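S.K.: This is the structure, below, for whatever I ask next.
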Protein chains: 4
Amino acid sequence: MRIGVLTGGGDCPGLNAVIRAVVRKGVETYGHEFVGYRDGWKGPLEGLTRPLGLEDVEDILARGGTILGSSRTNPYTVDGGVDRIRENVRAAGIDALVAIGGEDTLGVAKRLTDDGLGVVGVPKTIDNDLSGTDYTFGFDTAVSIATEAIDRLRTTAESHHRALVVEVMGRHAGWIALHSGLAGGANVILVPERRFDIDQVAAWVKHRFDQEYAPIIVVAEGAQPSDGGEALQSDELDAFGHVRLGGIGIWLAAELEQRTGHESRCVVLGHIQRGGTPTAYDRVLATRFGLHAIDAVHEGEFGVMVALRGTDIVRVPLAEATAELKTVPPERYAEAEVFFG
Amino acid sequence: MRIGVLTGGGDCPGLNAVIRAVVRKGVETYGHEFVGYRDGWKGPLEGLTRPLGLEDVEDILARGGTILGSSRTNPYTVDGGVDRIRENVRAAGIDALVAIGGEDTLGVAKRLTDDGLGVVGVPKTIDNDLSGTDYTFGFDTAVSIATEAIDRLRTTAESHHRALVVEVMGRHAGWIALHSGLAGGANVILVPERRFDIDQVAAWVKHRFDQEYAPIIVVAEGAQPSDGGEALQSDELDAFGHVRLGGIGIWLAAELEQRTGHESRCVVLGHIQRGGTPTAYDRVLATRFGLHAIDAVHEGEFGVMVALRGTDIVRVPLAEATAELKTVPPERYAEAEVFFG
Amino acid sequence: MRIGVLTGGGDCPGLNAVIRAVVRKGVETYGHEFVGYRDGWKGPLEGLTRPLGLEDVEDILARGGTILGSSRTNPYTVDGGVDRIRENVRAAGIDALVAIGGEDTLGVAKRLTDDGLGVVGVPKTIDNDLSGTDYTFGFDTAVSIATEAIDRLRTTAESHHRALVVEVMGRHAGWIALHSGLAGGANVILVPERRFDIDQVAAWVKHRFDQEYAPIIVVAEGAQPSDGGEALQSDELDAFGHVRLGGIGIWLAAELEQRTGHESRCVVLGHIQRGGTPTAYDRVLATRFGLHAIDAVHEGEFGVMVALRGTDIVRVPLAEATAELKTVPPERYAEAEVFFG
Amino acid sequence: MRIGVLTGGGDCPGLNAVIRAVVRKGVETYGHEFVGYRDGWKGPLEGLTRPLGLEDVEDILARGGTILGSSRTNPYTVDGGVDRIRENVRAAGIDALVAIGGEDTLGVAKRLTDDGLGVVGVPKTIDNDLSGTDYTFGFDTAVSIATEAIDRLRTTAESHHRALVVEVMGRHAGWIALHSGLAGGANVILVPERRFDIDQVAAWVKHRFDQEYAPIIVVAEGAQPSDGGEALQSDELDAFGHVRLGGIGIWLAAELEQRTGHESRCVVLGHIQRGGTPTAYDRVLATRFGLHAIDAVHEGEFGVMVALRGTDIVRVPLAEATAELKTVPPERYAEAEVFFG
C-alpha cells in the first residue's frame, strides 16, 4: 500500500511521534510506502508533498511541532475541493490517508470517508476535548508546562503578598485549567463549563489572604463571569461573549485587586503551552496511536479513529468522535472545589 | 471521625499529594480529625505519631517523598504486632486508617481489615505493577526521569559512536523500561517478563551501528538472559537468579562491547527515579486517589483500595489488588518490538 | 553580634540562598544571632520581625522567592522614617544589617550607612543591570526560563510558518533579551539600549521566511522603535515613552504580520521569569554572596556590597554600585547581530 | 579563507553551539568556507570530512553532543601522523583549523601550531579544569544535572532516614562536586584535591542524623580517603590509586552504613552529566567562544585559545592554557565547609 499522512489544526506535542510510529510500523511490518502531505488538508488539496521514509522519521520522536507543517484549510469550504483531493490522491497512487488532527481535521476525515476515500484518524488536541478517547496526546504536555509555571508563580505571590492569576488555554473546555490547577495547588479554578460568580471568587481570594497565604487563581481563556451586570460592561465582551482586550485573566486580576485591596497580577501562558518536546506520557500515547492507526489502515478499516480507553487503544467511528465536545463534567469540577479558598 | 494516615514501602513521588488531599477533604468536607503515623506500619505498631492538620499539609503537594516517613515494617512478622496496633489505635481514639503503599503495605492493610480494623488503601508504586488499577502514581514521574536521561545519553552515544545501556528500575515488572524505552526511542527494550537472547540483542545493536546510528538499550534491573550457558557464568548470578556485581546493565554493556566490537557504556539510574517533585500527571492522580479514599473512609467502606479505571476513580477489594503482580502483557511488549534494531 | 537581614524590591530566585548562607556562616563560624526583618525596609521601619535561626533556613536553599517577604517601601520618602529605623534597630539590639536588593534597596542602604547605621549590601536583580558586579543572581534563572520558552515556541513557529515574538523582562537594560536571544537562537533581538528600525526588523523577518524558516524575535519590554512616524501613533505611548496597551511585543507582532504578510504571534513571559527554584548557577552565586557578606559584617566593613569579579567575590562601595545602570554595551549587542535575519 | 573545524575528547554540551557560531560568523561576516573534520584529530589524520555550511548548522544550537563526532586520537602517537595531517590539510585547501577540545585536543593544537599549522583552540571540558579561562562551557550543564539529581535524592533520603551518596564526575578536579554540592545543599563535599578522613565524614553524617535530617554526600569520582589503613584494603585500589569495583561512591556508602548504623545508598550519575541540551549559560558561552575564535582565525592569530575572563572573551596562548590543571583552590573548598555536618 501507498499511504498519505497529514497533520492539521494547531500544533501539538506528539504529532511527530505519531508520524514516526505510523511510518516505522508501516514500512517494517507491512511494507507500506508513505507520502507526507504538507500543511494539513492543504497538502492533498494542492498536491504539496514531501518524502516520508524511515530516515525522515529517525530523529523526530522527541521534537515538538510537526515535520509535515499544519494549516486550518478545510477542503469543504473550497470550490471543488473534494474533487481536487480525490484527483491528487489518485494521481499520487495513494491508497489511504492517515489524518492526525482535532475536531475540524477529523470532521473533514469523516466526510471524505463518506465521499469514498479511505481515511483513518488520529485524535489530537492539547485541550483534551475530543469525545471517544480518554485522553489526547499533547494534553499532558500542556498541563505539565502550566503546572511548572504555577509552581514558579507561587513564590512570587508569596514574597509579594499578591494574588496571581494564571490564564491557560481552553476556549470551550476547562481540562487544562482543571488538571494544572489541581497539580499546581490553585486556590480557585475557573472553567468555561461553569460561569463564575466574581463575588465568590473575590471572597475565596480574600479568605486566602486572611490566612496569610498568597492565592493562585487558574482560569481557562474561555471562562466567563455569570451575568456580571456592573462588574463587566457589555462592550468589553467580543462577538462570542468572551472578555475583550487582554482576555479574562487580565480582567480578573484587575477585579480582584479592586475587590480585595491586594495587589493582583496576571500571566497569560499562551503558546508556550503547545510547543516543544512532548512529555514521556504524550510520547508513549502518540506512539501507540500511530502503531494502531497503521494497523487499521492495513486492515482496511476506514472512517475510524484510534482512541485510548483505560490502557487499551481501540477504534471508534469518526462520527462518534466528532459528534460532541468533551467538556469537564460537574463531578470532576466538584472534586476540585474542596481546594478552593 | 478520627483517622490515622500512614505511608509504607519505598518512597514515591505523589505520597504527599495523597496525604494533603485526604486531610483537606476530610477536614473541610467531613469535619474529620487526623493523626499522622510515622514510618509506615512501624507508626501504629510503636505509637509513633505526628500532628496532621490543614497547616501541616498546606505546602506539600509538589514535594517528593513523604512527610510521614516510611519503612518496610510488617506487623505480622512481629510478635504480638497486630495486638499492639489494635491497642495503640484504640488508645489514640482512631476510628479508621488510610494506608498508602505498595503490595506489602496493602497486604498488611488487607489482613488488618480481616482482623477487624477499618482500613482503606491507596495504591503506590513507581513500578506500576499493582493489579486492580490502570496506573499508580509515581510511575509517570519515574518514566519521565528515565526518559530525560535517555534523551541526554543519546547525544553522547551519537558523538562517540557508542552503545549506551540504561538500567532502569523494575525488579519483577518491565513497565518503566517499556514506557521510558518507547518515549526515549530505545532500540532495544529488555524486561523481566521475557528472557532475552543476548545474540539477538547484539545483532540488533550491530545492525544499528551498521546504519551509522548509535544504539540505546533500556534494560529493567530484573531482566535476565535466556539460558546463558557460556555467556553468563552461573556464579555471576545471585540467589534470586539475578546477575550479580553491578547488575544486568553493566554485564550487558560488557557483552555488547565484546560481541559488536563497539564501545559500550552503562548508566544505572537508581534512586533518582523515585525522588523529587511529582509530574503534573502524578499530582493529579495522587490527589484524586486521596479525595476518593477519604470518601470511602467516610462511608465506612473498608478493605478496599482506590483505583484508576479509565478516567474514573473506583474502589476495588484489597484482596483483588494484592492477589497478583501486574506485569507487562506480551501484546504490549510486541507493540514496542517494531522499534527494535 | 546581633544582625538584621532583609530583602527588598522584586522577588528573585536565590534570595533564600543568600539568607541561608548568611545565617549559616554567621551562626556557625562567628556565633552571631539573627533577626529577620519582614518586607524589605518596611520591616525595620515598622519593627516587623521574624525569627531567623539555623532551623528556619534549613530547607530554603532551593526555594524561589524570599521567606522574609519583600516590598518597595523607601524610608526616605516616609516622614521620620530614618529615625524610626534607627530607633527600632537599637531597641532590637541590632548591631548591623544585611540588605539584599536592587538599585533602590541598595540606594537606601547607602544612605543609611551615611546616616550612621552599619549596612552591608547584597546585589539582587534578575535584570543584571547593577554596576560593580559581573552578574547578579536571579539573572541566570530568568535567562534559563526565557530560553526554555523560546525552545518551545520554535516548534510552533515552524509548524505554522509563523513569526513568534517573545517579550522578556528588561525595562531599562536588555541583558535578559540578549542572553536568552543568543541561547534560544533568536533571529532578531531588540533591547532598550538601541532604538530599532521597524523596517529593518520586518526585512530580517521576511528574509527568514523566504529561506523557509520561522523567525523568532526576542524583545525586551523596554525596547522602542526609532521615531516611527506613521507606524506608531504618539498616543499609543505611555508617559515614559513605552508602547501602551499590551506592550511592545504585541505591537511588534501586529506590525510584522502587516508588513510581511505572515501570521505573527506574541507571548509575554511576564512573572514566570522571576519565580521558582533558582538554577544551580544562581544558587552557587547567591550562596557565595551570602558567605562573603557576613564576612564583611563580621569585619565591620559597612557601606559596601559584595560583587562578582571573574570567579572572585569582592567588596565594592555601595556608592559605586548604585551610581549608574549597567546596560548592554554596543560591542556585546554587535556580537549578537551576526545571527540576525 | 577555507577553514577546518573539529571536536575532540569527551562530548560536552555546547560543542554544536561553538560550531554554529564559528560557521555563521565566518560565512556571513568574513566570507569564509568551512570543512567539517570528523571524529577529532582522526579527521584530518585520515581525511574524513563532512560538509559544513550555513544549512548544516541551522538547527544545532540546542543539541547536545557534536555533529562532527569525536575521538581521542592523538596524531603524535601515530607514525607519520603530523605529516599526514599536514598533507591532508594542504590537499583540502585548508588555511586554518579551529580545534574544540580539552587538555589533550588543545595540547595537540599547540604542537601542530609549533609545527607550522594555523590552529585556534576553543576550550571544552565539563570538568572546568582548564587553566586560562574562568569557565569552560559544558560545566554549567553538568552542574545543573547533578544539582537536579541531588534535589530529587533529598526527598528519598528524608523519607527513608538514609544517607545518600552522589558520585559525580571529576577525576582530577572537584569543580562539579563543589558547585553541585553547594547548589544542592550537600552536607559533605569530597574532592580529589583534598584527601578525606573517613572518620570525620562519618562523624558529620552521624551528627546530621542526630538532628533528624538525612545527609547528602557529594563525592567526585577522583576523591580518595587519606591513608585509610584498615578501612580500605590496598587491593581495593586500582593502578591509579582509585578505589576499584564500583568506585569511591559505592565504597563510601558501605563505609558510612557500617560506621553510622544508618542505611546508606549511592547513586553514580555517570554519563547523564555530559549529554543532552546545554543550559542557557553554556549556550551563550559556547556561542561567544565560537564568535571570538573565528575572529582570531580571521586575524591570523594562531596558537591561541579563546577564554572567559570576567565577562570578556580574550585570547590566551595555548601553551599557557594547557600547562597546568586548574584544580579547586583551598579557599574555595573552605567556603563550602561551613555547610558540612
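The values are calculated or read from the model by the stated rules, or taken from the named source; none is laboratory data. Being a predicted model, the structure only gives us computed values, none of them experimental. Cβ placement follows ideal geometry from the backbone for every residue including glycine, while neighbour counts extend to all protein chains displayed. Calculation scope for accessible area: heavy atoms of the full protein, side chains included, ligands and nucleic acids excluded. Shrake-Rupley method; radii C 1.70, N 1.55, O 1.52, S 1.80 Å.
S.K.: Tell me, for the rotation carrying A onto B, which chain A residue has the beta-carbon closest to the axis and what that distance is in whole Å.
M.R.: In residue-and-Å form, the answer is A:G310, 2.
S.K.: On to the next question. Given the C-alpha centroids of the stretch C:258-331 and the stretch C:103-150, what is the distance between them in whole angstrom?
M.R.: Computed from Cα coordinates, the inter-centre distance equals 5 Å.
S.K.: Could you order A:R194, C:R72 by accessible surface area, starting with the largest, using a probe radius of 1.4 Å?
M.R.: Working: A:R194 105, C:R72 165 Å².
Largest accessible area first, the residues go C:R72, A:R194.
S.K.: Additional query: Mind listing the long-range amide H neighbours of B:V35? Cut-off is under 5 Å, sequence gap 5 or more, other chains count too, H placed in the peptide plane at 1.01 Å from N.
M.R.: Long-range HN contacts for B:V35: B:I3, B:G4, B:V5.
S.K.: Which value, in Å², gives the accessible area per residue of the protein assembly as shown when a 1.4 Å probe is used on the protein heavy atoms?
M.R.: Values: 46340 Å² over 1364 residues.
Value returned for the protein assembly as shown: 34 Å² of accessible area per residue.
S.K.: Given A:K124/B:K326; D:K25/D:K124; A:K326/B:K124; C:K124/D:K326; C:K124/D:K206, which pairs have Cα atoms separated by over 27 Å?
M.R.: Numbers: A:K124/B:K326 29 Å; D:K25/D:K124 20 Å; A:K326/B:K124 29 Å; C:K124/D:K326 29 Å; C:K124/D:K206 36 Å.
Result: A:K124/B:K326; A:K326/B:K124; C:K124/D:K326; C:K124/D:K206 exceed 27 Å.
S.K.: From the residues A:A146, A:I217, A:V191, which one has its Cα farthest along the dipole of the stretch A:140-273 in the positive direction, the dipole being from +1 and -1 charges on Cβ of Lys/Arg and Asp/Glu about the Cα centre?
M.R.: A:A146
S.K.: Mind listing the long-range amide H neighbours of C:S131? Cut-off is under 5 Å, sequence gap 5 or more, other chains count too, H placed in the peptide plane at 1.01 Å from N.
M.R.: C:E324, C:K326
S.K.: Picking from A:P225, A:P13, A:P51, which is most flexible by a Gaussian network model of chain A using Cα springs under 10 Å?
M.R.: A:P51
S.K.: Angle between the Cα long axis of helix A:15-25 and the longest principal axis of chain A, 0 to 90 degrees, nearest 10?
M.R.: It is inclined by approximately 30 degrees.
S.K.: Can you list, shortest first in nanometers, how far A:A254 lies from the same residue in the other copies, with each label 7 Å from Cα toward Cβ?
M.R.: 1.5, 6.9, 7.0
S.K.: Nearest 100 Å² is fine: how much accessible area is buried between A and B, summed over both sides, with a 1.4 Å probe?
M.R.: Details: alone 14510 and 14520 Å², together 25610 Å².
Result for this pair: about 3400 Å² buried.
S.K.: Name the residues whose placed amide hydrogens come within less than 5 Å of the amide hydrogen of D:T277, ignoring near sequence neighbours (fewer than 5 apart) on the same chain.
M.R.: Hits under the 5 Å cutoff: D:G64.
S.K.: How large is ³J(HN,Hα) for each residue in the stretch B:175-180, as worked out from phi by the Karplus curve 6.51 cos²θ - 1.76 cosθ + 1.60 (θ = phi - 60°), to whole Hz, x for Gly and Pro?
M.R.: Once θ is set to phi - 60°, the couplings for the stretch B:175-180 become 4, 5, 4, 4, 6, 6 Hz.
S.K.: Any idea what Rg and Dmax come out to for the protein assembly as shown if you just take the C-alpha atoms, in Å?
M.R.: Every Cα atom of the protein assembly as shown included, Rg and Dmax give 30.8, 90 Å.
S.K.: What longest range of chain D stays clear of loop-exposed GluC sites (Glu not before Pro) (DSSP non-H/G/I/E/B, at most 15 other C-beta within 10 angstrom)? Provide the component values of the computation, followed by the final result.
M.R.: Numbers: sites that count: D:E58, D:E212, D:E230, D:E263, D:E299, D:E301, D:E324.
Result for the longest clean stretch: D:59-211.
S.K.: In addition: What is the diffusion coefficient of the stretch A:111-207 in µm²/s, taking the Kirkwood radius over Cα pairs and the Stokes-Einstein relation at 10 °C with a viscosity of 1.306 mPa s?
M.R.: On the way: Rh = 15.5 Å.
My calculation gives 103 µm²/s for D.
S.K.: Could you tell me what a quarter of the Cα convex hull surface of the stretch A:275-316 works out to, in nm² with one decimal place?
M.R.: Values: hull surface 13.8 nm².
Computed as one quarter of the Cα hull surface, the answer is 3.5 nm².
S.K.: In addition: Provide an ascending nm list, one decimal, of label-point separations from D:G53 to the equivalent residue in each further copy; define each label point as 7 Å from Cα along Cα→Cβ.
M.R.: 2.1, 7.1, 7.3
S.K.: A further question on this structure: Could you give each residue of the stretch D:83-95 its phi-based ³J(HN,Hα) in whole Hz, using Karplus coefficients 6.51, -1.76, 1.60 with θ = phi - 60°, and x for Gly or Pro?
M.R.: Listing the rounded values in order: 4, 5, 4, 4, 5, 4, 5, 5, 4, 7, x, 7, 8 Hz.
S.K.: Right, next: Over the alpha carbons of the stretch B:255-338, what is the largest minus smallest coordinate on each principal axis, giving the biggest first in Å?
M.R.: So the three principal-axis extents are 64, 31, 21 Å.
S.K.: Determine the residues within the stretch D:245-285 where the difference in accessible area between the chain on its own and the full set of protein chains amounts to at least 50 Å²; count protein heavy atoms only and use a 1.4 Å probe.
M.R.: Those residues are D:H271, D:I272, D:A280, D:Y281, D:R283, D:V284.
S.K.: For chain B, build the charge dipole from Cβ charges (+1 Lys, Arg; -1 Asp, Glu) around the Cα centre, then report which of B:F137, B:A286, B:T77 sits farthest towards its positive end.
M.R.: B:A286
S.K.: Treating the beta-carbon of each Lys and Arg as +1 and of each Asp and Glu as -1, no other charges, what is the dipole magnitude of the stretch B:108-155 about its Cα centre, to the nearest 20 debye? Mind dumping the intermediate values first?
M.R.: Details: 5 positive and 8 negative charges, 21 e Å.
That gives the stretch B:108-155 a dipole magnitude of about 100 debye.
S.K.: On to the next question. What is the dipole size for the stretch A:140-273, taken about its Cα centre, with +1 at each Lys and Arg Cβ and -1 at each Asp and Glu Cβ, in debye to the nearest 20? Let's see the in-between values first.
M.R.: On the way: 11 positive and 19 negative charges, 47 e Å.
In debye, rounded to 20, the stretch A:140-273 gives about 220.
S.K.: Label position 7 Å from Cα toward Cβ: report the copy-to-copy distances for A:Y213 in nm, one decimal, ordered from shortest.
M.R.: Result, one decimal in nm: 2.7, 4.7, 4.8.
S.K.: For the stretch A:119-156, state which residues have at least 50 Å² less accessible area in the presence of all protein chains than in their chain by itself, taking the probe as 1.4 Å and leaving out ligands, DNA and RNA.
M.R.: By number: A:R152, A:T155, A:T156.
S.K.: Moving to a separate point now. Helix D:103-114: angle to the longest alpha-carbon principal axis of chain D, degrees 0 to 90, nearest 10?
M.R.: Orientation of helix D:103-114: about 30 degrees from the principal axis.
S.K.: Do me a favour and compute the ellipsoid semi-axes for the stretch D:139-273 from its Cα gyration tensor, root of five times each eigenvalue, largest one first, whole Å. Walk me through the numbers on the way to the answer.
M.R.: Numbers: eigenvalues 84, 74, 28 Å².
With the √(5λ) rule applied to the stretch D:139-273, the semi-axes are 21, 19, 12 Å.
S.K.: So what are the ³J(HN,Hα) numbers for the stretch D:127-143, from phi and the Karplus equation (6.51, -1.76, 1.60; θ = phi - 60°), rounded to whole Hz, Gly and Pro as x?
M.R.: Along the stretch D:127-143, the couplings run 7, 6, 9, 8, 5, x, 9, 4, 9, 10, 5, x, 5, 4, 5, 4, 5 Hz.
S.K.: Under a Cβ-only charge scheme (Lys and Arg +1, Asp and Glu -1), can you give me the dipole magnitude of the protein assembly as shown about the Cα centre, in debye to the nearest 20? All intermediate terms of the calculation are to be shown ahead of the outcome.
M.R.: Details: 132 positive and 196 negative charges, 1 e Å.
For this selection, approximately 0 debye.
S.K.: Quick one: pull the percentage of alpha-carbon pairs in chain D with a separation above 26 Å. Don't skip to the answer; put the middle values down first.
M.R.: Working: 29314 of 57970 pairs.
Beyond 26 Å sits 51 percent of the P(r) for chain D.
S.K.: Within the accessible area of the stretch A:140-273, what % is carbon and sulfur when the probe is 1.4 Å and the other protein chains stay in place? All intermediate terms of the calculation are to be shown ahead of the outcome.
M.R.: Working: 2300 of 4920 Å².
Solvent-exposed carbon and sulfur of the stretch A:140-273 make up 47 percent of the total.
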